[in-house]
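Below is one structure; the comments refer to it alone.
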Amino acid sequence: MDSVLFDRSTRGSDEKMKKSAWSLGAMMLLVLIMMTTVGVASSNNYEPVPKASNQETAYINGLELRDGKVYLTVDPIKWYEGEEANQIFREREQDPEMTEAPDGYYIVNDTEEQIELAVADDAEVLLQLYDHTGRYEDAQISWNQMVSLNKFTDIYHKDDIVDMKWFPFHITVEDGVVVKIIQQYVP
């Protein structure tokens, strides 16, 4: 199913982003953090983000402040969980050794896009895991932590322990403007 909420007329080039050695190291650190918090996630009443008709899932590849307004650059994806993830995994991977999506989720991103969206000043932002203090031990899961858009902007540009670019987000769009951003926890 194609995305209908994100206006693709504003997309940039489809060039692949290059990964640096630092990004790989940072990704490995995130994996380590997530491995140590998986027990917390499984015992802490994780609930999938409810799907809404005006909601899309995407990676946020850029966040910019222009003329006092916040703009996101997003790459829409398809996010699947549970049995739906297993079904899509089996269809796409066709690996006889693996019949279920690892960790219970599956992401499909067949085309990389760069779509720019304006964000409402009063947009609701809910995070699951972020760098509170710059200390590894303080990067713990806390479900649906509400933060202001200004705080999210600061968190997004900080990549000490947890980089927001690693996570998918469920983005609610009304009249072409983002009104809600929910970070998807990835085990």
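The values are calculated or read from the model by the stated rules, or taken from the named source; none is laboratory data. What you are looking at is a predicted structure, and each value in this text was computed from that prediction instead of being measured. No Cβ is skipped: glycine too gets one built from the backbone with ideal geometry, and neighbour counts run over all protein chains shown. Each accessible area value is taken on the protein alone, full model and side chains, heavy atoms only, with ligands, DNA and RNA left out. Shrake-Rupley method; radii C 1.70, N 1.55, O 1.52, S 1.80 Å.
Using R0 = 35 Å, the C-beta based FRET efficiency linking residue 110 and residue 137 works out to 0.35.
Take the alpha carbon gyration tensor of segment 64-145, find the square roots of its eigenvalues, order them as a ≥ b ≥ c, and report rounded if a/c is under 1.5; if not, report prolate when a/b exceeds b/c, else oblate. It comes out oblate by the Cα gyration axes. Extension gain, residue 47 to residue 69: 0.36 nm times the residue separation minus the Cα-Cα distance gives 4.7 nm.
Summed over the residues of segment 75-187 and divided among them, the accessible surface reaches 48 Å² per residue at a probe radius of 1.4 Å.
For residue 154 and residue 88, a Förster radius of 30 Å and the Cβ-Cβ distance give a FRET efficiency of 0.30, rounded to the nearest 0.05.
Compute the Cα gyration tensor for segment 38-187, then decide on rounded, prolate or oblate, letting a ≥ b ≥ c be the square roots of its eigenvalues: rounded whenever a/c is under 1.5, prolate when a/b is larger than b/c in the other cases, and oblate in all that remain. Cα axes put segment 38-187 in the oblate bin.
Normalised by the number of residues in segment 110-187, the average gap of Cα pairs under 8 Å and 6 or more apart makes the relative contact order 36 percent. For segment 80-181, the dipole from Cβ point charges (+1 on Lys and Arg, -1 on Asp and Glu) about the Cα centre works out to 340 debye, to the nearest 20. In segment 61-126, the portion of solvent-accessible area held by carbon and sulfur atoms comes to 41 percent [1.4 Å probe, whole percent, DNA, RNA and ligands not counted]. Does segment 103-187 come out rounded, prolate or oblate, given a ≥ b ≥ c as the square roots of the eigenvalues of its C-alpha gyration tensor, rounded meaning a/c under 1.5 and, failing that, prolate meaning a/b above b/c? Here segment 103-187 falls in the oblate category. For segment 47-187, calculate the relative contact order in percent as a whole number, restricting contacts to Cα pairs under 8 Å that are 6 or more residues apart. Once normalised by length, the contact order is 27 percent.
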